[in-house]
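The values are calculated or read from the model by the stated rules, or taken from the named source; none is laboratory data. This is a predicted model, so every value here is computed, not measured. Neighbour counts are summed over all protein chains in view; Cβ atoms, including those assigned to glycine, are modelled from backbone coordinates with ideal geometry. Calculation scope for accessible area: heavy atoms of the full protein, side chains included, ligands and nucleic acids excluded. Shrake-Rupley method; radii C 1.70, N 1.55, O 1.52, S 1.80 Å.
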Amino acid sequence: MDINIDSEIGKLQGVILHKPGKELERMTPETIQEALYSDILNSHIAGEEYAFFEGVLQKSARVFYVEDLLIGILKNTALKERMIDTVCGMHNAEFLKDELCSLTPEALADIFISGYEKKGDFSGSRYPIPPLYNFFFTRDASVSLHNEVLVNRMRHPVRDREAYLMDMIFQHAFNANTFRLQGDSTLHVEGGDLLVAREDVLLVGNGSRTSKSAIEALVQKAKGEKRLQYIVVQELPEKPDSFIHLDMVFTFLDKNACMCYKPIIAKESAYHTTIITIEGEKVQYTEKPTLLQALQELHFDLQPICCGDPADEWNQQREQWHSGANFFAMAPGQIIGYERNQHTIGQLAKAGFEVIPAKSVVQGKVQMDPDHRYVVTLSGSELPRGGGGARCMTMPVYREKVIW
């Protein structure tokens, strides 16, 4: 499948997922902080919830799985050896090379994701190759930008192997062009902070995970493309952790609708919004009062729908904490998100979105009507505790073009 992402809402044709697996079971109280979690998830319940999530997406698009894609490329012996060299080098685990080379592609893919566990040896780290605790959030390690893929330099080194594996998958399973932003050690960028609004408009969050130097590198890349482009930058709070990415406070739902966390997106605040206009070598920076006003100036006529109760800021905070603004569009006006955020779901219903439980879709009791607006609600008690929502758990590779 080719790579083509020119919007956040075009009808989904292909998406990469990773089912949360035994890597979550390998988390301990001692490794929570290293793993970037605030608690240990019940992997069994998380897996049950995820099954309904992937079941809905399977009815909407072609679903690719990280592990299957890895197994496919590891069948190439030369590539397998090269990837073993790289992964062992990343973790100072060269002593494992011979053993890893003897493994089947299936066993090796499992280790690349779930980690290598030492058995019967309690010296040093239990996992010379650590588990990828965050990999079911496939959004962050890479970004499909039009017909190429940005491989990210993420904020925390514990996630570096995710980016490397996605780079190999895109290069060798999809034959895609991949690139990385060039810069010094301050350059960090993650996929939850990049939203492709339109062919000529990219939204970028500037907070704890994506740095100003990364934004400047995106500007430099745009300058080289010799066409009119806009990068809209939204500053984000450093704390709490629920503001980790832009898509935790803003997501597109339809051509004329968006989900937003009102205190930051829909009213003036201490967090600045800037439109960067790039035309050839000419770059202009213009501050705007809010992200919504910036998008209106760029000819997006969006109805803002509030995360939480729009009249109760405390409630907005509670629902935003559990990814209440983080929705994923399978097509214009056809979205999926957590049902636990009842005030948010209520606001969507008021705006004309039919509410459909994911379980009913997967069991075939309800059909997703392609001609109607709807929100598929995903039961979530464990998955939200991982710190992300439906958009976080998806890596789209192909969407149909939207006619604005």
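Here the peptides 331-338, 14-21 are ranked by packing, the mean other Cβ count within 10 Å, and the order with the highest first is 331-338, 14-21. Straightening the chain between Val355 and Asn76 buys 95.9 nm, computed as 0.36 nm per residue apart minus the Cα-Cα spacing.
The helix-only estimate of mean residue ellipticity at 222 nm for the chain, built from DSSP H runs of length n ≥ 4 each weighted as -39500 (n - 2.57), is -8500 deg cm²/dmol after division by the residue total.
Taking the centroid of alpha carbons for each part, the stretch 1-51 and the stretch 93-148 are 15 Å apart.
Calculated from the structure at hand, Cα extents along the principal axes in Å is found among [x] 56, 55, 47; [y] 86, 59, 44; [z] 58, 54, 38 as [z]. Assuming charge only on the beta carbon of Lys and Arg (+1) and of Asp and Glu (-1), the dipole of the stretch 67-135 about its Cα centre is about 100 debye to the nearest 20. Of the residues Lys80, Lys359, Lys239, the one with the largest accessible area comes first in the ranking Lys239, Lys359, Lys80, computed with a 1.4 Å probe on protein heavy atoms. For the chain, a simple Cβ point-charge model (Lys and Arg +1, Asp and Glu -1, everything else neutral) yields a dipole of about 360 debye relative to the Cα centre. Looking at the chain, the accessible area is 42 square angstrom per residue; that uses a 1.4 Å probe and ignores ligands, DNA and RNA.
Assign one of three labels to the stretch 126-278, namely rounded, prolate or oblate, based on the Cα gyration tensor with a ≥ b ≥ c the square roots of its eigenvalues; rounded applies when a/c is under 1.5, prolate when it is not and a/b is larger than b/c, and oblate otherwise.
Oblate is the answer for the stretch 126-278, as a/c is 1.5 or above yet b/c matches or exceeds a/b.
When the Cα positions of Gln284, Tyr164, Met1 are compared along the charge dipole of the chain, Met1 comes out farthest toward the positive end, with charges on each C-beta of Lys, Arg, Asp and Glu. Using a simple spin-label model with pseudo-atoms 7 Å out from Cα toward Cβ, Lys212 and Lys97 lie 4.3 nm apart.
Packing around the peptides 144-155, 273-284, taken as the average count of other Cβ atoms within 10 Å per residue, puts them in this order, highest first: 144-155, 273-284.
Calculated FRET efficiency, Phe179 to His272, Cβ-Cβ distance, R0 = 30 Å: about 0.60 to the nearest 0.05. Here the stretch 195-245 and the stretch 298-346 have alpha carbon centers that stand 21 Å from each other. Applying 1/(1 + (r/R0)^6) with R0 = 25 Å to the Cβ-Cβ distance of Met90 and Lys59 gives a FRET efficiency near 0.10.
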